[in-house]
Structure formats: structure tokens, C-alpha cells
Amino acid sequence: MIPSRLASLRPVACALSVVATLLATFTNGLAVQAAEATPATIKVQTDRPGAEVSPLMWGVFFEDINYNGDGGLYPERVKNRSFEFTEPLMGWQQIAKAGAVGTLSVLDREPLNANNPHYLRLAVEKAGDGFGVSNEGFFGMGVEKGARFTFSVEARVLQGSPATLAVDLVSPSGQRLAGETLRISGGEWTRYAKTLRASATEPKARLSVYLVGAGAVDLDMVSLFPENTWKHRANGLRPDLVQLLADLEPGFMRFPGGCIVEGRDLSKRYQWKTTIGPLAERKLIINRWNDEFKHRPAPDYFQSFGLGFFEYFQLCEDIGAEPLPILNCGMACQFNTGELVPLDQLDPFIQDALDLIEFANGPASSPWGARRAAMGHPQPFGMKLLGIGNEQWGPQYLERYTAFAKALKARHPEIRLISSAGPSPADERFDFLWPKLRELKADIVDEHCYDRPAWFLDNAFRYDSYPRTGPKVFMGEYAAQSDKTVSVLNRNNLECALAEAAYLTGLERNADVVTMSSYAPLMAHEEGWQWRPNLIWFDNLRAYGTPSYYVQQLFSRNRGDVVLPVQAGNAPQAANGQPRFYASATCDQKTEEVILKIVNATEQALEAEIDLAGARKVKPRAQATVLTSAQLTDENSLAQPRKVSPVSARLKVSGATFRHTFPARSLTVLRVATNE
Ligand code: AHR
């Protein structure tokens, strides 16, 4: 049986009714009739623990969109360091000061390697006051006072005579923030490096490279990389962004996408094997978000793969998230060309999946395990999940999924496979795929939904009527859209966050069906986004979590181990009869705490009588953590990063039944210890 259409769903675990006197309040997406006087009720069966809440329940979805890979998490400051963009000097400008005569040319004779065929020749006839080249970075280069950077370059000189490079970090007004020189000698490609220390904080610095005196040098892989990376790793990640991810305590991390997996056509698909090994040998491709939206063009958006599969696995390990790679299944993006690999030519794609399992999990003595070990990780990464295709649909997907599943299950039954239910949570593509995937005994089915807040509020009971056996659900991409999907007007406001929270109570109550979930997209550069809303926003120096971020964090950090049945009553409904007061409950078996998550999506504070039925003893001191704000339209920003963020307070409870008032427009997490 396929999940029934949403309109017909009725609340089951959370039966709600309305009291006699009703107040009508209508706000965007949160239309309610609020109960006056009589308190709402929340009854938790603390002695009837249900399904386990999967440790994978609350995860993150990473895709290099909105300049959140190159330009974001991957903190290389130089854009187009390898001169491999389609326009090879994109990001670079010539500098010719007074009296200087020289040329810049991009050549491909005797390159660094075949994957990196282009390099820059900097030839100076007359040095004058300086001839060279300057890189603009990603919306400028963020540097903090005192921060140290490694400038490095692959270089060679022509005709044997040594040359000197002068490297400066400069502010937009021309202030020199750091400077060094490097002596280049020899006609063979050699890596040279020097440390630069910034004398001031500047979000939009530039890097200038001059040749001192007349002569010629060839340059490639020109890099300015911060020393301050996550765990101080060389080629490491931007620490404030990783910290925000780590603070979510995600159960898993899905990577590298998203549509980026599929490519506009198959030649532009993500191929994990080209993203590992020495940086200079990783083969750059255009980012599919470069020209996807005419209204948000990003002509300088490419994938350098400095952040590649090894770095993703390492990041997962660092933040305690199970790695969930998604692989192309022989289909390009069906919103673009939909190019297909013929079924009889699918073997190399399946082999990529088998090799990936070996790369992640094989011993260091195996061919792909050895590649991992050579990159500094002899121990396996312990991958348990693998996605077959991203947001695919139709019989073509089923055929390809079936071929992958057959080969992978035969060799690696220990790997749980994620299959696609298409781009919508309720349409003919979804209705076609689900029963077929059920027949195929798929492990986990990936559902996607981008819709208005009202959809999330109205569908909080969606999974109550799903079959309790068969494939599990991965709510793999979702986000409430304050305007509409792909609109530039979408805002990360409280209204969207609360609608998502309401929906998540439904995921949690149905943890026997829903095993994983992740908001999408994850991060965006304030100056470089293609898609909004996003969970995290950043610029070159700062970052913040949105209200939706804090919803994710509250659910993740208060997961609990098992679901407790909960019933809410006497609570407000919207004009369409759907409730606007939501509850889920779990139990932390170690601390013996009942964890209640309550969403009051109305504009009135709501008093509720809470009954922890079956609790033997209740400690008088509980904790309430509340996410709310004065307006549904409130947001966080770089200037006010925590305007909408959770506040915790101690709470006195009088016993197994007590009253609590849930603020208007709020998500509340109550933790009550039930045993002394
Ligand atoms: O999250 C943005 C995009 O939405 C993803 O790349 C794709 O899978 C979905 O269509």
C-alpha cells in the first residue's frame, strides 16, 4: 500500500479537539482559532515506550550550492587557483603599475598534470613600479588581524635564471596587510610556500603577485590558505562553519548533494574518484548552480574539489555524523537534460559504488583502501549508508536503482541503500515510485518537500497513516518557503521554523517509520546565494544559524531513545480543521527524562495541563527551552545572529501532572526527570 494522499490524513497519536469559545486569529500560514479559558491537555504515556528513535533521525544535508563549498566551508581564499575555469583568467586581474610592461598568458604546454592542463605565464619586459596579477577571492578575501595564511604556488622559471615573486595581501583601499617574497628557481614545476600574517581585519582583501624585475615565470595552484582551520588541518575546513555543524550534533551527513550529483548532463555529474588524492590532480568542473537560475547567475562558480570525498568523510568523523554519500545512478538531472546511461552500460557506475565502499571501508591493503590510507586515514571510515541517485524519478530510475541494488546487496548486504521518491512529497512521480520501491524491498526511501509553512503545519500527521512495515522514510530535503520554491523572496523567519518544528513532531512520533531527516540546503554565502532559504548564512568572516537551525538543534540535542505515546487535546485549530498545537514525546533512558516537544503555532500563549501518565516519581526541577520571538517574521542576521534563539530556564513541576504555559509562536522542549 502506498502512503495515502495527504488531504485525507487525520491525526491519530495526537487527537485534538476544540473548546467551545474560539478566538479567530489569522496570520500568514498560521491561521488559527485559539481556545480561550479551558487549558489544553497533553497526556504522555511514560510507561508505554514505543519505537526507538534512530540515532540517524536528525542529520544534515550538504551540497556545494550558494558558494558554501568553494567560497565557504572550503576556506581557500584564491578563486580559480588552477586557471581551469572556462574563462581561465576569471577571478584574476592584471596589475601594471607605472612604467611596467608585461603580459599574462594562460598556456597548456608541459602542464603540472593532465587533470590540470592550464597555467599562468607571467612575463615582464619592464618591471616599472610593478607588473603582476591580483586575485579577487570569493567576494573578496576575509582576513582577521593576526591570522596566518600559507601562500603557496607551483612555479617554474623560464631559461633557468631564478626569479623573485612578491606577494601582498591588500585591502580595497590599497593598504598592505601582509607581504612576502619567494625565490623561484629551476625549470621544473616545484611547490614554494611562505607564511603571511594579516596586520588588520578585512573582509574584502585581495592577493597580489608580482614578478620582481624582468623575466618570466609559470604559475599554477596559486593558493592562500588559512592556518586556522578545523582541527588545524592542512587543506582543512572553515572552523566557525564546522562548529555550527558540530553544534547540531547531526546523526548523519549527506553529501555531496543534491542536484550537483546528477549534473546538467552526464559529463557534468559528480564523480567521486576525481575529488580525491593530491589537490593539483583533482579535476575541476563547473558547478551546476553556476548557470542554473537566470535570476541568480553565478558565472564564477566551479568545483575545485579541494573539498572532496576524503574531506567529507573526515568531516563526518569529526562531527560524529554517519557518512551518507549519494552517487550518480546513470541519470543526469531530470529538470535539465535527463540524459541516461543505457542499462547495458551501467557497470562503470556500479563499479564506482563498489569502489567507494572499498575506499571508505576497505583495509589499507586493498587498492581503494590504500588510496584512503595514502591520504592519511588508514582506519576505515565505517560507512553504512549509500544513496543511489539524488532526486530521480520514473521507470528509468527504478531500472537503474534495481541494477545498483542487485550488485551492491550481493557484495555488501551491510550497506543500507537510500532510494529516491522524486522531487515532491505528493504527486504522480511519488505515487509511482513508492509502491514499486516497497515491492523491491528498498531499505530507505528519500522524500523531498519544499512548500509553504501551511503545508508543514497541515502535514504534521502525514506519517501517522503510513504502513508500519517495509522501507523506512528519509525526509531527505525539506524547508518551509515563506514565499515559494526558488523565490528570491523566501525568508528564514520564525514562521517557517515553527512550521518545520510542527512537522518534525510528526516525524518523531512516527520514528518507527521515519528513520532519517535533513533540512536543505544547509548553508549560503550572503553575497553568493542561488537558493533560499538556508539553514546557515555566512559572509567572509561571520556566520549565524537561522531560526530553522535552532529548531534542528533542539530536536537533535533532545532526541531521546524511544518514542512515548502522546495525546494533545482541547487545543486550537486552523480554519481548515487542522491543529495548530503539536506535541511529541520521547524518553532518554539513561537520564530517565521525559522529553516533550511542543509547538504552539498560534498567536496566543496557551496553557496546557500535562499528564505524565505512568511516571513513578517526578523530580520537581525540570527544564524548559523555548524558541520564540515577538513576530513570526523575525529572523536572525549577521548583525543580530541570535535574535531568534533558544532560551533555557529551570521549571518547577509539582508532580506527574502539572500546568505549563506555552508562549505564542513557540517551540518548547521540556525535559522532566521521572525518577529520583
Ligand atoms: O536543495 C536544493 C535542491 O533541491 C537540491 O539540489 C535538489 O536535490 C532539490 O531539487
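The values are calculated or read from the model by the stated rules, or taken from the named source; none is laboratory data. Small disclaimer: the values here were computed from a predicted structure and weren't measured. Cβ placement follows ideal geometry from the backbone for every residue including glycine, while neighbour counts extend to all protein chains displayed. Each accessible area value is taken on the protein alone, full model and side chains, heavy atoms only, with ligands, DNA and RNA left out. Shrake-Rupley method; radii C 1.70, N 1.55, O 1.52, S 1.80 Å.
See the values below:
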item	result
Per-selection Kirkwood Rh - the chain (Cα, Å, 1 d.p.)	26.7 Å
Percent carbon-and-sulfur accessible area, region 463-585, ignoring ligands, DNA and RNA, probe 1.4 Å	46 percent
The chain: angle of helix 394-411 to the longest principal axis, Cα-based, in degrees nearest 10	80 degrees
Distance (nanometres) between label positions extended 7 Å along Cα→Cβ at residue 183 and residue 384	5.6 nm
Qualifying trypsin sites (Lys or Arg not before Pro) for region 421-471 [loop in DSSP, other Cβ within 10 Å: at most 10]	441, 468
Distance between region 240-271 and region 542-597 - C-alpha centres, whole angstrom	26 Å
Summed side-chain charge close to residue 237 - residues other than residue 237 whose Cβ falls under 11 Å, Lys, Arg +1, Asp, Glu -1	-1
For region 161-173, 3J(HN,Hα) per residue [Karplus equation, 6.51 cos²θ - 1.76 cosθ + 1.60, θ = phi - 60°, Hz, x = Gly/Pro]	6, x, 9, 10, 9, 10, 10, 10, 9, 10, 7, x, 8
Pair residue 150, residue 317: separation of 7 Å Cα→Cβ label points (nm)	1.8 nm
Distance from region 317-333 to region 342-399 (C-alpha centre basis), Å	10 Å
Pairwise centroid distance, computed over Cα atoms, of region 606-676 with region 127-194, Å	54 Å
Accessible carbon and sulfur surface of region 92-226 relative to its total accessible area, %, 1.4 Å	47 percent
Cα-Cα over 25 Å, subset of 273/409; 79/145; 231/597	231/597
For region 422-548: relative contact order, % (alpha-carbon pairs under 8 angstrom, 6 or more apart)	24 percent
Mean accessible surface per residue for the chain, computed with a 1.4 Å probe while every protein chain stays in place, in Å²	36 Å²
Simple label model, 7 Å out from Cα along Cβ direction - residue 411 to residue 351, nm	1.0 nm
Contour excess over end-to-end distance, with Cα ends at residue 370 and residue 483 and 0.36 nm allotted per residue	35.8 nm
Amide H within-cut-off set for residue 53, under 5 Å, with H built and near neighbours excluded	562, 563
Sparse-neighbour loop sites [trypsin sites (Lys or Arg not before Pro); region 46-131; at most 10 other C-beta within 10 Å; DSSP]	109
On Cα atoms only, tilt of 547-557 relative to the major axis of the chain in degrees	70 degrees
Solvent-accessible area, 1.4 Å probe, carbon plus sulfur percent, for region 284-393	55 percent
Chymotrypsin sites (Phe, Trp or Tyr not before Pro) restricted to DSSP loop in region 266-356 with at most 12 other C-beta within 10 Å	335
